[in-house]
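J.: This structure is in structure tokens; I'll ask about it shortly.
The values are calculated or read from the model by the stated rules, or taken from the named source; none is laboratory data. Owing to the predicted nature of the structure, the values given are computational and were not obtained by experimental measurement. Cβ coordinates were reconstructed from backbone atoms using ideal geometry, including for glycine residues, and neighbour counts include every protein chain displayed.
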Amino acid sequence: MALLASALMSRTTHPGLRSHIGPNGDNLSWRLPSSKKSQRRSCSSARAARPQARAWPWESPRRDWFGHRFVFGAATSAYQIEGAWNDSGKGPSTWDHFCHNHPEGTLEGGINYKGIKYYKNLINMLKENGIEPYATIFHWDTPQALEDKYGGFLNRRIVKEYTDFAKVCFEHFGNKVKHWFTFNEPHIFCSFAYGTGEHAPGRCSPEHNGATPCGDSLSEPYRVGHNILLAHTEVADLYKKFYKTGIDWIRSYSKGLKDLLMIIKERYGNPPIYITENGANIVEIKNMLTQFSRWAKENC
């Protein structure tokens, strides 16, 4: 599992983080014109002499340029930063095998509670420092045990294993993590891990110079992509049915359509309502969506 930590630049964000980035993203200069960049360099000594002064006006982007729901963040994967592949019951992934060339990789082998504790501590530390965690369930690190057992994502059996793993994540971290990604860059995973052989597990056709040139670069990326879509569907359905919170369901005991429409008007700001049959043509539906989008921009 990988964590994408989004730092909302607010008063609750860790002071060290705010001092580095600035309350309004003041220290970011990626949108700075070249003339301003040179001016910034020439003024660096002056800035050093007045450490408490505000940033120059052009040293934006400013936080208030973005809506309050816009999230700034940074991401990494477990393999990129954690190490310790053989500590505390943690088994090797395909990337460990790929780069350095076993325990069970399923729930049949039990849950590694030291790993659960590690991520709970990490999530708690992020929250304590004003950083909202966004969790990616799979970031290319298939357990090597499953790769050896049946080929990992080449086999449809991975769908159940992945769903079981996601369920464990939801149950143990769901009280603190409210934002989830099922897969990181699935297209890259399919293409580079099973097409060109440049990423773990390095499979490709014999004519390619990959780590494991015994695959089929024309078919395997599509097989893997198909199983990823199936796994995503299962996990998204699982989450929406049993773990997602904060859904504002409409609960009413109206006597008829008019009563129901009045309830929606009074409780939900009188949004546009479209009642159609299966015979509605595509032009009508597009017009409805256009009108609703316009209403949402004006009222949400």
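J.: Looking at ASN121, is it at negative phi and either touching a Cys at 6+ places or on another chain (Cβ under 7 Å) or loosely packed, with under 15 Cβ neighbours inside 10 Å (or both)?
T.: Values: at negative phi: yes; either touching a Cys at 6+ places or on another chain (Cβ under 7 Å) or loosely packed, with under 15 Cβ neighbours inside 10 Å (or both): yes.
It is true that ASN121 is at negative phi and either touching a Cys at 6+ places or on another chain (Cβ under 7 Å) or loosely packed, with under 15 Cβ neighbours inside 10 Å (or both).
J.: Does the range 236-245 contain at least one residue that is outside any helix (DSSP H, G or I), modelled with pLDDT under 70 and not basic (Lys, Arg)? Write out each step before concluding.
T.: Looking only at the range 236-245, we keep the residues that are outside any helix (DSSP H, G or I), and these are 243-245.
Subsequent filtering for residues that are modelled with pLDDT under 70 retains none.
No, the range 236-245 contains no residue that is outside any helix (DSSP H, G or I), modelled with pLDDT under 70 and not basic (Lys, Arg).
J.: When you go through (1) touching an Asp or Glu at 6+ places or on another chain (Cβ under 9 Å); (2) of a type outside the set (D, E, K, R); (3) at pLDDT 95 or above one by one for PHE189, which number turns out not to apply?
T.: (1) is the only condition that PHE189 fails.
J.: Check LYS127, LYS117, LYS160 and return the single one that is of a type in the set (D, E, K, R), under 25 Å from ARG69 (Cβ atoms), in a helix (DSSP H, G or I) and under 23 Å from the mean Cα position of the chain (by Cα).
T.: LYS127 is the lone residue from the list that is of a type in the set (D, E, K, R), under 25 Å from ARG69 (Cβ atoms), in a helix (DSSP H, G or I) and under 23 Å from the mean Cα position of the chain (by Cα).
J.: Do you know which residues across the range 141-153 are in a helix (DSSP H, G or I) and surrounded by fewer than 21 Cβ atoms within 10 Å (Cβ to Cβ)?
T.: So the first thing to find is which residues in the range 141-153 are in a helix (DSSP H, G or I), and the list is 144-150, 152-153.
Answer for the range 141-153, where residues must be in a helix (DSSP H, G or I) and surrounded by fewer than 21 Cβ atoms within 10 Å (Cβ to Cβ): ALA145, ASP148, LYS149, TYR150.
J.: Does ALA200 qualify as being in the same structural domain as LEU154 (by TED's automatic domain parsing), part of a loop (DSSP other than H, G, I, E, B) and not polar (S, T, N, Q)? Write out each step before concluding.
T.: Numbers: in the same structural domain as LEU154 (by TED's automatic domain parsing): yes; part of a loop (DSSP other than H, G, I, E, B): yes; not polar (S, T, N, Q): yes.
Considered against the rule, which asks whether it is in the same structural domain as LEU154 (by TED's automatic domain parsing), part of a loop (DSSP other than H, G, I, E, B) and not polar (S, T, N, Q), ALA200 comes out as yes.
J.: Is it the case that ILE188 is under 20 Å from ASP96 (Cβ atoms) and assigned by TED's automatic domain parsing to the domain that holds LYS160?
T.: Values: under 20 Å from ASP96 (Cβ atoms): yes; assigned by TED's automatic domain parsing to the domain that holds LYS160: yes.
Yes, satisfied.
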